[in-house]
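Undergrad: One structure follows; several queries about it will come next.
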Amino acid sequence: MKNVLAIYPGSFDPVTNGHLDLIERGAKIFDRLIVSILRNFEKEPLFSLDERVDMLREVVRPWPNVEIDVFSGLLVDYARQREANVILRGIRAVSDYEYELQMAMMNRKLNQNLETVFMMPALSYSYLSSRLVREIARLGGSIAGLVPPVVEERMRDKVR
Ligand code: PNS
């Protein structure tokens, strides 16, 4: 059997139950999974990088083969540096597919040895996104059941 190390990259601003669902699925089929947050200098995130790392560390505690990391620059360069063989991405609906396919193909062009693997979260999370969670919280709606409790708590402080 091969030792498969997968990277699950994203913004995770904040981590949602949809992300967690994917992490759980990934942790089951890959030997190791690195959930890695993009340090994006162009975007102003709601949660700082440190806050996102903290929240992710807390929620992945049940899976000993899952690690949290941060990356900047090209994903393929980071994957090479971490000696990863797989990029894990979630596809919720057909609308995600076009963008994800474009990224997967471009990443393949940049590094032929890296495979993108798509997984589908549970159907109940198919409409969930970090952007909507941020918007609902900002406008005073409930995000219970959409994000882990630690995120709900921290979100309360953010939008107060
Ligand atoms: O959760 P997101 O914001 O949709 O994640 C997008 C992410 C981080 C996977 C993507 O923007 C990325 O890989 N950025 C790193 C820069 C890079 O490699 N760009 C070329 C992609 S083909």
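Undergrad: Restricting the search to the stretch 135-160, which residues are closer than 20 Å to Leu22 by Cα and either over 16 Å from the mean Cα position of the chain (by Cα) or assigned to a helix (DSSP H, G or I) (or both)? Don't jump to the end; show me each part of the working.
TA: Step one: list which residues in the stretch 135-160 are closer than 20 Å to Leu22 by Cα, which gives 143-152.
Residues satisfying the conditions are Ile143, Ala144, Gly145, Pro149, Val150, Val151, Glu152.
Undergrad: Can I ask one more? Determine which member of the set Val94, Val86 is aliphatic (A, V, I, L, M), modelled with pLDDT of 95 or more and more than 9 Å from the ligand (Cβ to nearest atom). Please lay out each step first, then the result.
TA: Working: Val94 fails: modelled with pLDDT of 95 or more.
Result: Val86 is the single residue among Val94, Val86 that is aliphatic (A, V, I, L, M), modelled with pLDDT of 95 or more and more than 9 Å from the ligand (Cβ to nearest atom).
Undergrad: Sticking with this one: Select, from Leu38, Leu5, Leu56, Leu49, the only residue that is surrounded by fewer than 21 Cβ atoms within 10 Å (Cβ to Cβ) and under 11 Å from the mean Cα position of the chain (by Cα).
TA: Working: Leu5 fails: under 11 Å from the mean Cα position of the chain (by Cα); Leu56 fails: surrounded by fewer than 21 Cβ atoms within 10 Å (Cβ to Cβ); Leu49 fails: under 11 Å from the mean Cα position of the chain (by Cα).
That would be Leu38, the only listed residue that is surrounded by fewer than 21 Cβ atoms within 10 Å (Cβ to Cβ) and under 11 Å from the mean Cα position of the chain (by Cα).
Undergrad: Filter the stretch 19-35 down to the residues that are open to solvent by less than 10 Å² (accessible area, probe 1.4 Å) and within 14 Å of the ligand (Cβ to nearest atom), then identify the one that is nearest to Met55 (Cα to Cα).
TA: Ranking the candidates gives Val35 first.
Undergrad: Could you please find all residues in the stretch 68-81 being open to solvent by 60 Å² or more (accessible area, probe 1.4 Å) and either touching a Pro at 6+ places or on another chain (Cβ under 8 Å) or more than 9 Å from the ligand (Cβ to nearest atom) (or both)?
TA: Arg80, Gln81
Undergrad: Could you tell me which of the residues Arg57, Arg52, Arg39, Arg82 is of a type in the set (D, E, K, R) and over 21 Å from Arg134 (Cα atoms)?
TA: Arg82
Undergrad: Pick from the stretch 97-132 the residues that are open to solvent by 30 Å² or more (accessible area, probe 1.4 Å), polar (S, T, N, Q) and under 21 Å from Gly26 (Cα atoms): which of them is nearest to the ligand (Cβ to nearest atom)?
TA: Top of the filtered list is Thr116.
Undergrad: Can you tell me how many residues in the stretch 1-18 are within 11 Å of the ligand (Cβ to nearest atom) and among the polar types (S, T, N, Q)?
TA: Residues meeting the conditions: 2.
The values are calculated or read from the model by the stated rules, or taken from the named source; none is laboratory data. For clarity, every value in this text was computed on a predicted model and none was experimentally measured. Positions of Cβ are backbone-derived with ideal geometry, glycine not excepted, and every protein chain shown enters the neighbour counts. Side chains included, ligands, DNA and RNA excluded: accessible areas come from the protein's heavy atoms. Shrake-Rupley method; radii C 1.70, N 1.55, O 1.52, S 1.80 Å.
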